[in-house]
Structures are given as structure tokens and as C-alpha cells.
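The values are calculated or read from the model by the stated rules, or taken from the named source; none is laboratory data. These numbers come from a predicted model, not from an experiment. Here the Cβ is made from the backbone with ideal geometry for all residues, glycine too, and neighbour counts use every protein chain on show. Ligands, DNA and RNA are stripped out before the accessible areas are found, and what is left, the full protein with its side chains, is counted by its heavy atoms. Shrake-Rupley method; radii C 1.70, N 1.55, O 1.52, S 1.80 Å.
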Amino acid sequence: MSETRTAPASDAPAEKQDGKPDEKPRLKTVRDMLLSLAVVSAVAFGLYFYLPHDASQDPVKPVEYQVEANLAARAAPYGLLAPEGLPPEWRATSVRYQPQGEHGATWRLGFMDPENEYAALAQADGAPGPFVDALTHGAEDTGETLRIDGREWTRYEGAKYDALVLAEPEVTTLVLGTAPVDRLEQLAAALETRADTTA
């Protein structure tokens, strides 16, 4: 009595009558992948256009600096300066006091001016030369001085930033940035010594 044996199932691709593998399963897989990609792309495209977003929104995030200036004035070993009375179009974007650092006790306050140019105030009680060079990225002394609100500032020009430098025995003050010199002068003119409120 003869036994009937069933051949084990094979994972090999189905063969055509001519002995060559059938390409249809492979083509179907590629087609499914392309269809999935098209669906995902269509959904992403739709979300981009239908979700609310305002390209005209100002990316600048203003910060409040008055409290930080008051706290820094208590700690600083020099007369800490901060602007008073700048128009609201001047937006503070960064504020920091570092009691000990590479350039000594350092006070920094960054702004965007009304034309969205960068302007900043920086003070430190370390060596003036390295401080000015580091913050202005190598700006050079033009030899020109400007008298602003009773203070004698030296004008520096550089490839990245221009600056006004006020060198005093206890502290070096910089007003620097990409803003034109007239707006740097405006920032310098607004600077007032912040009183130590603990007195």
C-alpha cells in the first residue's frame, strides 16, 4: 500500500511555468510602500496649511530686566549701569550678571533696537583689553571719542560688532552691536547708575 506524502510548504517565491520567480509579490510591496508614503505626505501637507500659524509673528522674546538689574547692583563691585527711558521699540532679549568669570564681575544686557539690530550693554572689572577684544570679536580703536551725557566714550569698529567703550578705573563699559552708531549712542545716553537698594 503506497503512502501519499505532502511536500512541505516553501517560502521561496512562486515560480512561473517557465521556472522563473513571479515578480508580482515584490511589485505589490513596493507599490504599497509608495502609497503609504503618499498618504503620510498628504497628511503632513494638510496639517501645515490648516493648522494656525502666523509667519509674521515677531520671533523675539522680550525679557524683563529691572529686577535683575537691581539685584546685580547690590552685588557688583562697581556702579552698575542700566538704561532708563528707552522707547518701547527697544526690546531687552537677554540679561545676566556673573559675579566671577574670565573678565571679573560681569554685567550684560542685550537688546533688539527698533530696526531689529542687536545692541548690548556690558560691564566688567577685569583687564580692559581682553574684555573689549572678546566681546567685540576683535574690533579696533578708531581713535575717535564721543562725549555722551557727560561721559567720554571711545569708538571701536569691527567686522562683527562696532562698539563704544568707556574706560574707568574700576570698570570698563561697552555698548556694542550690529546697530548703527547713532543707536549705540542712544543706548549709551540712556544709561544711568543703578542704586544699591539695600542702602
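Worth a mention:
- Residue check, residue 111 out of contact with any helix residue (DSSP H, G or I) (no Cβ under 6 Å at 6 or more places or on another chain), outside any helix (DSSP H, G or I), hydrophobic (A, V, I, L, M, F, W, C) and in contact (Cβ under 8 Å) with a residue 40 or more places away in the chain: yes
- Members of the stretch 63-102 that are within 15 Å of residue 173 (Cα to Cα), over 22 Å from the mean Cα position of the chain (by Cα) and open to solvent by 20 Å² or more (accessible area, probe 1.4 Å): 77, 79
- Pick from the stretch 157-197, criterion in contact with a strand residue (DSSP E or B) (Cβ under 9 Å, 6 or more places away or on another chain) and among the β-branched types (Val, Ile, Thr), ranking: surrounded by the most Cβ atoms within 10 Å (Cβ to Cβ): 175
- Looking only at the stretch 141-156, and only at residues there that are in a strand (DSSP E or B) and under 17 Å from residue 84 (Cβ atoms), the one that is most open to solvent (accessible area, probe 1.4 Å): 151
- Looking across the stretch 157-199, the residues that are part of a loop (DSSP other than H, G, I, E, B) and touching a Phe, Trp or Tyr at 6+ places or on another chain (Cβ under 6 Å) come down to 170, 171, 178.
- A Cβ distance below 6 Å, combined with a sequence gap of six or more or placement on separate chains, defines the contacts here; from the stretch 166-184, residues that are more than 18 Å from residue 150 (Cβ to Cβ) reach residues that are assigned to a helix (DSSP H, G or I) and among the polar types (S, T, N, Q) in the pairs 176/136.
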